[in-house]
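Beneath this line is the structure, given in structure tokens, with notes to follow.
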Amino acid sequence: MTRIATIINRHLARELRIALTDDSISLIEAAELDGYKSRNLVSCLTERFQKTLPKINVEKKGISNELEMLKRSSDRRVWLLIDDLDATYQNTNKEALELSTFFSACRYIVQDIRDICIRVTMRTDVWPMVRRYDESLDKMEQYVREITWKDEDFRRLLSKRIKYQMDELNIPYSPPPAHVHIQDREMDLISRVFFPRMEWGEKEVYTYKVIYTLSYYRPRWAIQLCKLAQKDALKHLENRIGRNNINNVWGDYGNKRISDLISEHKHQSAEIEELINSFRGAPRLFARDELMKWINNHVMSHIKPTIEGEKVTGPMEVGHFMFRIGFLQARSQEGGGIYEHYNFSDMPDFLTGRTNEDFGVSWEIHPCYREALDIQKLNRAQRIKRGLIRGNRENI
């Protein structure tokens with residue numbers, strides 16, 4: 001809690017142009033947070049600055065005036081924003097303890113001190129692990145919000161991006177009448193650049209849904225994919241982007257995604273690039289036993305990887321790690337071609353128990369990586385065997 005207050009203190013000092021000496025900093029940072037309860041954070045911290053003013057070799061009057069103005073300000077709310085808290089997190093007891101105590105400190109500060117707001121962002125695969133480490137974090141659940149983009153959100157973002165670019169290029173556009181539903185208005189904009197539908201599997205779906213899937217639901221990745229497809233369409237003198245353009249750039253796009261995945265998780269396993277490449281040429285879908293057999297034959301028989309400082313002892317640990325980082329996803333297949341995907345944040349216990357079968361789900365490599373890794377396509381006999389075809393229709 002004292003370290004969090006120190007961060008805010010230093011920022012206040014910079015804003016007030018107070019050149020604190022080492023002794024002054026020590027005096028301020030050594031103070032405890034006792035007596036802060038129900039008081040405003042800024043007023044409490046600025047009281048410390050006043051004690052240091054005689055030691056500061058600057059014009060005291062100006063600093064005093066700024067402190068007084070700050071005290072009289074009606075809005076003295078403090079926002080502490082911390083991005084990528086888990087940037088180098090490894091699932092060890094030491095690091096789990098550090099994160100859990102940080103969240104506990106945030107909770108105590110917010111409940112005891114007025115006018116402070118704390119917003120922290122971290123990867124969705126880290127919170128489920130930290131949450132289980134410390135039961136006191138069950139009090140934090142009410143404050144957790146997963147940042148996700150639904151397909152309708154993505155459709156809206158894509159249409160707005162297209163409209164912005166059209167305005168930048170002074171391209172005339174006559175929007176549909178006001179009574180037209182917002183979804184149709186968005187689709188009208190998207191169809192100016194993309195063919196509205198494209199083949200995916202053995203059926204046609206909305207183009208934005210294909211991009212949404214291949215981008216792993218991340219707008220930044222979607223823009224990269226769209227730019228690559230745009231470049232290919234222009235190269236072939238086509239006036240709209242279609243499935244063939246996406247197919248032409250899918251491999252290059254997948255290589256970028258693999259590079260991102262390696263960079264993001266290299267600190268967790270030095271062999272992550274080998275783990276990813278071990279799935280080159282793999283089947284599109286695995287049953288659980290098939291997945292374990294593949295990892296045994298293509299990983300464990302060649303290397304003994306280290307994951308988060310521990311030597312791997314079996315294929316289950318490798319599979320669970322690849323599931324955690326989003327390379328693998330679980331797929332539950334029901335009758336009538338209906339299916340559901342599960343990521344680690346949905347089912348953190350998958351691929352951990354040796355006596356259960358994870359509800360019989362299948363395992364697949366996420367589509368954004370498949371083309372770059374030459375993942376095998378499912379032929380019709382395989383699709384029938386796995387129950388993916390119903391009549392003449394196939395799910396995605």
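The values are calculated or read from the model by the stated rules, or taken from the named source; none is laboratory data. Note that the coordinates shown come from a computational prediction; the quantities given were computed from them, not determined experimentally. All Cβ positions, glycine included, derive from the backbone under ideal geometry; neighbour counts span all protein chains shown. Each accessible area value is taken on the protein alone, full model and side chains, heavy atoms only, with ligands, DNA and RNA left out. Shrake-Rupley method; radii C 1.70, N 1.55, O 1.52, S 1.80 Å.
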Scanning segment 336-352 for residues that are touching a residue at least 24 places away in the same chain (Cβ under 8 Å), out of contact with any Phe, Trp or Tyr (no Cβ under 7 Å at 6 or more places or on another chain) and not in a strand (DSSP E or B), the one nearest to A87 (Cα to Cα) turns out to be S345
Within segment 296-328, the residues that are within 13 Å of I276 (Cβ to Cβ), in a helix (DSSP H, G or I) and of a type in the set (A, V, I, L, M) are V299, V318, M322
Within segment 150-194, residues being touching a Ser or Thr at 6+ places or on another chain (Cβ under 9 Å), hydrophobic (A, V, I, L, M, F, W, C) and more than 16 Å from N239 (Cα to Cα) number 2
Residue set G391, G319, G335, G353; condition at pLDDT below 90, in contact with a strand residue (DSSP E or B) (Cβ under 9 Å, 6 or more places away or on another chain) and not polar (S, T, N, Q); output residue G335
Considering segment 188-214, residues that are assigned to a strand (DSSP E or B) and open to solvent by 30 Å² or more (accessible area, probe 1.4 Å), and then whichever is modelled with the lowest pLDDT, we arrive at K203
Taking segment 241-281 and keeping residues assigned to a loop (DSSP other than H, G, I, E, B), surrounded by fewer than 20 Cβ atoms within 10 Å (Cβ to Cβ) and among the hydrophobic types (A, V, I, L, M, F, W, C) leaves A270
The helices (runs of 4 or more DSSP H) lying wholly within segment 70-184 that contain at least 1 residues that are closer than 30 Å to H267 by Cα and open to solvent by less than 50 Å² (accessible area, probe 1.4 Å) are 93-112, 127-133
Within segment 215-234, the residues that are more than 23 Å from E152 (Cα to Cα) and either modelled with pLDDT under 95 or touching a helix residue (DSSP H, G or I) at 6+ places or on another chain (Cβ under 9 Å) (or both) are K231, D232, A233
Restricted to segment 307-333 and to residues being open to solvent by less than 30 Å² (accessible area, probe 1.4 Å) and among the small types (G, A, S), the residue farthest from E364 (Cα to Cα) is G314
By residue number, the members of segment 244-302 that are among the hydrophobic types (A, V, I, L, M, F, W, C) and touching a residue at least 60 places away in the same chain (Cβ under 8 Å) are W250, I258, L261, I276, F279, A282, L285, F286, A287, L291
